Amino acid sequence: MQEKELQGLIDRVVDGKLSRRSFVRRMVAVGLTAPMATQLLALSGVAMAQTVGDYKPTKRGGGGALKVLWWQGATLLNPHFATGTKDQDGCRIFYEPLGSWDADGNLVPILAAEVPTRENGGLSADGKSVTWKLKQNVKWHDGKPFTADDVVFNYQYVTDPATAAITAGSYKDMKVEKVDTHTVKITFVNPKPFWADPFVGVNGMIIPKHLFENFSGAKSREAPTNLKPVGTGPYKFKDFKPGDLVAGEINMDYHMANRPHFDSIEMKGGGDAVSAARAVLQTGEYDWAWNMQVEDEVLVRLEAGGKGKVRIYPGGSVEHIQLNSTDPYTEVDGERSSIKTKHPSLSDKAVRDALALLVDRDSIEKHIYGRTGIATSNYLNNPARFASKNTVKEFNIDKAIALLDAAGWKPGPDGIRQKDGKKLKYLYQTSINQPRQKTQAIVKQACQKAGIDIEIKSVVASVYFSSDEANPDTYPHFYADLQMYTTGPSQPDPGVWMQSFLSSEVCAKANRWQSRNITRWRNKEYDDIYAEAETELNPVKRAAMYIQLNDLPVKDRAVIPIVYRPQVRAGSLKLHASASGWDSDFFELHNWYKDA
Amino acid sequence: MSRDYLFRRILIAIPSLLGISLVLFTVLALAPGDPFGELVTNPNVPAEIRLALRAKFGLDDPVWIRYVRWLNAMLQGDWGFSFTSRMDVDTLIMQRLPTTVAVIGAAQILAIVVAIPVGVLAATRPYSLFDQIANTLAFVGFSLPTFFTGLLLILVFSIQLDWLPFVYRTDIRASGWQWWWEHIRQSIMPVTVLGLFQGASLVRYVRSSVLDVIKLDYVTTARSKGIGEPKVVTRHVVRNALIPVVTLVALQMPVVFGGAIVTEQIFRIPGIGSLLISSILANDTPVVMGVTFVFACLVVLFNLIADILYGWLDPRITFR
């Protein structure tokens, strides 16, 4: 289906000439999924069908205690300082954003009365402003009303450089004003297709102005409310012990009817992932456990305990191999892997193509990740509208050998291929993590058969994933030929994440290895399309651009995607709960309930 | 026991504590990684924020400046604040210290209660069946590391039998007897693991030290005077045999804390041991410094207690 044709159809729905249902049916017929079709409509200004939850309880409370287990406990409870998902989840029990992302990447209103759209006047035609209408009668836990002033205050708090808020990235290049007590207007400097970043999701949780206004900027650490949150959420603060416990009790004034169901919530931290899985799946001591970084084999065995089930939510993370486009062995101006150099052998496309053919993704999925990693040929996998259909995943050793032969890489006396004195010998690094070491072994074995020698290196995760400039073993330094790890967009929009191939983002000594482009791959076409996509308001065109942005580095083999990794959680069989790969586990905590 | 002596002991402790802190700080500073590592992989956090945070928390200054700053604050009673939770380190430690002390204390009491009678009985009947069994069990006991016995107990009592919980909770919503009962139930496994590990090696020491004493002439004299055997053992033998045991108990305190760190991790006990582990993993220097400092103080304190106990057990070696 042509883009123009599609746009025509959307216009007909907007004008009311075509029903939503028949639009969705036609989209499904051409191979789009139903949620994706509704997405296209939604972003084009058609009101999103509100999904009616299957929330059964008919009164507030009475559900007993909800016990959840995080094997890394929350360490702080100010959402603007939250460094990891564990902290964001702890905060989300008490604080709420204007809107949340559900599992399909749809926007769900929480503190907003409705999702802004073109119809309700929430979105401007030029893409430069958003007007949020806030829910009336929302109260902070201390009884004070929640108003537009609070929202505006959060913007001021976060953008004060002295606060050094972790969430500041979502509030750049914009202005936030109060229109009336329950309306807020955000004006962007440039047209912003992904307008739902500020005040939405994990970076959007809103803290009360009346308790924080005297503690912004340099004094931010001294606020007593940092440790005793007062929010709008379904549970009120009861107790907090960093790294160990976050406890809450029911908020009888919650702004949604009949919610929440539980009388209290206990979020226990610490320990390890396997025993957390055990406490939910096998013994049933807990109702929910976060981030099951456990081999699927073990999870299946624990599920046999019959108390709980593993739940999987698609997200954007992808485990991939990066190919260094620079030379990691030559030092130029005090740094290796400098863009002033070129990789001696990986600069040959034939070699990169051969390597891509030597990664047996299906075996890696089958024998290592199981349900927790799905083989893919794309760097950008989710939400579905951004997934490319133009790439293939192929494992073929013979074809790789033929390619290398044709390109003149002949086996030497030691069996390793070489050309002009350059050998196909690579250093392949990753963090210490059992599935990764197994993946390394599978790749190494296939490469050996094709005459490529792989030296395996694994670095302790706390070093590998650190921003330590002095340590050459961190992944941004990339002092190796190949490296492997997982990364992904944390929001259902790839805009920020796709910076990872921009020429302007090349990681180097000059920027203290703090930039995004780790492979150092540079491509003018990519840069141009990215710049265009930044301000493209037409969602269909924009999705097509991101598909192109995925295809360019994947087809040029700057990266070899392996598996995409959904969020894996363990939940009790009796618990009705849903998490999301795009938001905190608790994005819908108010709807959680348990069968008696 | 004079006040002078106590004062002298505390004075001696100061340079050792200073030395410990200096070594620790340097090692931590040299160790790779930084507290904001988690931000590196998050594409939504701009690099400027990471750099601003490093600057704000003074992580870019040279090691020696950071040490002097830390020491200076510490001398004024300011323990600093945690990088990851931004909470004051002393509050953080005080939240967790009671749990650790309770668990370690209970374990130590269990160890002593088991080890002394078993050791004494085994020594009074050397090479009897009881002695053989006690010895074998003691060997098994101190050869098995706590993380292994901990997992074993969980497998048997939590998973197979479903009698005991394996997640330690601090916020038990009950009062009176119910509260005590819940706390005892969840402490059984960790205390057993730690206590028996300690007790196993103690049994060996008690046995050999009683064996040494029981052959001495004054014991024979006591017996010939017609004092009953129980009285001979408790009054004359055990009291003298305990002196080396007390030294051992005191000197083993660091080992107990080490074992407690592992046990706390396995059973999710929110003590200072698990705080130490998570802080080390997060490169949270102020907390690591604070916790190790507390450990160092506790070890020094227990050595002092041992010295005081000597005086009580044997007035001849009272320090002046």
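List, by residue number, every residue in the stretch A:228-266 with a reduction of 20 Å² or greater in accessible area between the chain on its own and the complete protein assembly, 1.4 Å probe. Buried by the other chains: A:LYS238, A:LYS241, A:PRO242, A:ASP244, A:LEU245, A:SER264, A:GLU266. Under the simplified labelling scheme, the A:GLU331-B:LEU152 pair shows an inter-label distance of 5.2 nm, with each label point 7 Å from Cα along Cα→Cβ. Could you work out which residue, out of B:ALA111, B:ALA282, B:ALA222, moves most in a Gaussian network model of chain B, that is, has the largest mean-square fluctuation with Cα springs under 10 Å? Between B:ALA111, B:ALA282, B:ALA222, it is B:ALA222 that shows the largest mean-square fluctuation. How big is the gap, in Å, between the Cα center of the stretch A:244-311 and the Cα center of the stretch B:39-77? Cα centroid of the stretch A:244-311 versus Cα centroid of the stretch B:39-77: 35 Å apart.
With the helix formula -39500 (n - 2.57) applied to DSSP H stretches of n ≥ 4, chain A reaches a computed 222 nm mean residue ellipticity of -7000 deg cm²/dmol.
Given a 1.4 Å probe and every protein chain left where it sits, what share in percent of the accessible area of the stretch B:97-319 is carbon and sulfur? Walk me through the numbers on the way to the answer.
Details: 7730 of 10600 Å².
Percent of accessible area from carbon and sulfur atoms in the stretch B:97-319: 73.
Which value, in square angstrom to the nearest 100, describes the accessible area buried between chains A and B on both sides, using a 1.4 angstrom probe? Buried: approximately 4600 Å² between B and A.
Could you give the alpha-carbon Rg of the stretch A:268-416 over 2.2 N^0.38 Å, rounded to two decimals? Present the calculation step by step, with values, prior to reporting the outcome.
Details: Rg = 21.4 Å, N = 149, 2.2 N^0.38 = 14.7 Å.
So the Cα radius of gyration is 1.45 times the expected 2.2 N^0.38 Å.
Mean residue ellipticity, 222 nm, helices only, chain B: the sum of -39500 (n - 2.57) across DSSP H runs of n ≥ 4, divided by residue count and rounded to 500, is -24000 deg cm²/dmol. A 1.4 Å probe run over the protein chains yields, for the stretch B:80-147, 47 Å² of accessible area per residue, whole-number rounding.
In debye, nearest 20: dipole of chain A around its Cα centre with unit charges on the Cβ of K, R (+) and D, E (-)?
On the way: 75 positive and 71 negative charges, 170 e Å.
About 820 debye.
For the stretch A:89-219, taking Cα atoms only, Rg and Dmax work out to 14.1, 42 Å respectively. Tell me, in nm to one decimal, what length is gained between A:ASN538 and A:ARG301 on full extension, where the rule is 0.36 nm per residue of separation less the Cα-Cα distance? Difference between extended and current length: 80.6 nm. Split the accessible area of the stretch A:548-596 by element, probe 1.4 Å, and carbon with sulfur accounts for 44%. The stretch A:342-407 and the stretch B:247-320 have Cα centres lying 53 Å from one another.
For the protein assembly as shown, the convex hull spanned by the alpha carbon atoms encloses 207 Å³ per residue. How far, in degrees from 0 to 90, does helix B:89-124 lean away from the longest principal axis of the Cα atoms of chain B, to the nearest 10? Its long axis makes an angle of about 20 degrees. Quick one: net charge around A:GLY415, please, counting Lys, Arg +1 and Asp, Glu -1 for every other residue with C-beta under 13 Å from its C-beta. Once all neighbours under 13 Å are counted, the net charge is +3. For B:LEU196, the accessible area of its heavy atoms, probed at 1.4 Å with every protein chain present, is near 90 square angstrom. Cα-Cα over 29 Å: which of A:LYS56/A:LYS128; A:LYS56/A:LYS268; A:LYS56/A:LYS139; A:LYS209/A:LYS241? Check vs 29 Å cut-off fails for A:LYS56/A:LYS128.
In µm²/s, what is D for the stretch B:97-319 at 25 °C and 0.890 mPa s, where D = kT/(6 pi eta Rh) by Stokes-Einstein and Rh is the Kirkwood radius from Cα pairs? Please report the intermediate quantities before stating the final value.
On the way: Rh = 19.3 Å.
Taking Rh from Cα pairs, D becomes 127 µm²/s.
Calculated FRET efficiency, A:VAL274 and B:ARG235, Cβ-Cβ r, R0 51 Å, to nearest 0.05? Don't skip to the answer; put the middle values down first.
On the way: r = 52 Å, r/R0 = 1.03.
With R0 = 51 Å, the Cβ-Cβ based efficiency is 0.45.
The values are calculated or read from the model by the stated rules, or taken from the named source; none is laboratory data. Just so we're clear, the structure is a prediction, and the values are computed from it rather than from any experiment. Counting neighbours? That spans all protein chains shown, and the Cβs are built from the backbone with ideal geometry, glycine included. The protein model used for the area step is the full one, side chains on, heavy atoms only, and it has no ligands, DNA or RNA in it. Shrake-Rupley method; radii C 1.70, N 1.55, O 1.52, S 1.80 Å.
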